[in-house]
Amino acid sequence: MNLPTVRVVYLTDPAPPSPGRDASAGAAAVPATAANAANAANAAGRSGVRPLPVQAQLPLPLLAAIGERLAASTAAMQERARSSPPCGTDLDELSRLEQFGLQLQELAQVVARAQQLRHETVDLGLALVQTVAEWSAEADRLGVELHGPACSEPVHANPAALKHLLDLMVEHALQQGRAVRLEIETSAGATGVRVVATVSSEPAAQSPARDTLAWMMLQWFSRALGLTPERVAVPRGERLALLLPAA
């Protein structure tokens with residue numbers, strides 16, 4: 001089964017296009033927000049339908065097909081809503097749901113080719129600056145301060161996979177506290193570079209420490225790439241870290 005192609009920032013290993021199918025048509029170039037899709041899943045749960053956990057061992061082509069169908073359906077719903085808005089339609093929510101469908105497809109495509117991904121030297125500092133810029137609007141919407149590092153540090157990674165890792169890390173962190181700071185940690189002679197997201201939940205006593213959909217997806221995606229995300233509670237917050245190979 002050929003997987004459909006979608007437009008991904010930093011994509012260096014595009015999958016071959018599937019004839020007659022383009023899942024990216026009509027999609028806005030904004031960060032996917034799994035948190036809002038989780039709200040839809042919770043609503044489904046209240047109606048008696050149990051959503052499948054993200055880490056369920058579904059075949060990757062099936063997972064990609066689900067994402068494609070979700071994105072296509074919500075795109076059609078948005079078009080109908082614009083021409084004749086029904087009562088209570090939330091176009092922003094539909095757009096976020098469409099982005100979640102595209103995100104599922106992109107993750108499935110990368111995981112399916114995990115062993116063949118082309119790695120190269122990537123400036124982690126620049127990648128974090130771009131991530132902060134892309135997520136600033138969502139951070140403002142949630143009332144969370146988002147800060148990034150002002151440094152340059154090369155890592156050996158696939159750019160498309162790295163972008164997904166950073167997106168999922170930031171998305172989870174934004175749901176956990178009042179402020180998020182992204183940092184890069186290195187040590188002399190180390191073969192790895194650690195990207196860290198420090199979450200402050202001030203003035204609350206501690207971070208919510210909930211397992212968000214973004215965190216579960218980060219775990220699943222990282223492990224498929226041979227990486228292990230770290231998450232520990234710290235006073236008045238939590239700390240996320242991911243060790244990447246140094247370039």
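The values are calculated or read from the model by the stated rules, or taken from the named source; none is laboratory data. None of these values were measured; they are calculated from a predicted model. Note: ideal-geometry Cβ built from the backbone for every residue, glycine included; neighbour counts use all protein chains shown.
Of the residues making up segment 147-160, just one is under 23 Å from L117 (Cα atoms) and either acidic (D, E) or without any contact (Cβ under 8 Å) to a residue 40 or more places away in the chain (or both), namely E153.
Tell me whether segment 161-171 contains one or more residues that are assigned to a strand (DSSP E or B), under 18 Å from G125 (Cα atoms) and touching a residue at least 24 places away in the same chain (Cβ under 8 Å). Taking every residue of segment 161-171 in turn, none turns out to be assigned to a strand (DSSP E or B), under 18 Å from G125 (Cα atoms) and touching a residue at least 24 places away in the same chain (Cβ under 8 Å). Among the residues of this structure, R96 counts as one that is within 15 Å of the chain's Cα centre (by Cα) and among the charged types (D, E, K, R).
Tell me, yes or no, whether segment 63-82 has at least one residue that is surrounded by 22 or more Cβ atoms within 10 Å (Cβ to Cβ) and either within 26 Å of A197 (Cα to Cα) or modelled with pLDDT of 80 or more (or both). Within segment 63-82 (the criterion being surrounded by 22 or more Cβ atoms within 10 Å (Cβ to Cβ) and either within 26 Å of A197 (Cα to Cα) or modelled with pLDDT of 80 or more (or both)), the answer is no, since none of the residues qualifies. G189 meets the conditions (1) at positive phi; (2) part of a strand (DSSP E or B) in every case but one. The failed one is (2). Among residues belonging to segment 106-129 that are polar (S, T, N, Q), touching a residue at least 12 places away in the same chain (Cβ under 8 Å) and in a helix (DSSP H, G or I), point out the one that is surrounded by the fewest Cβ atoms within 10 Å (Cβ to Cβ). The extreme case among them is Q116.
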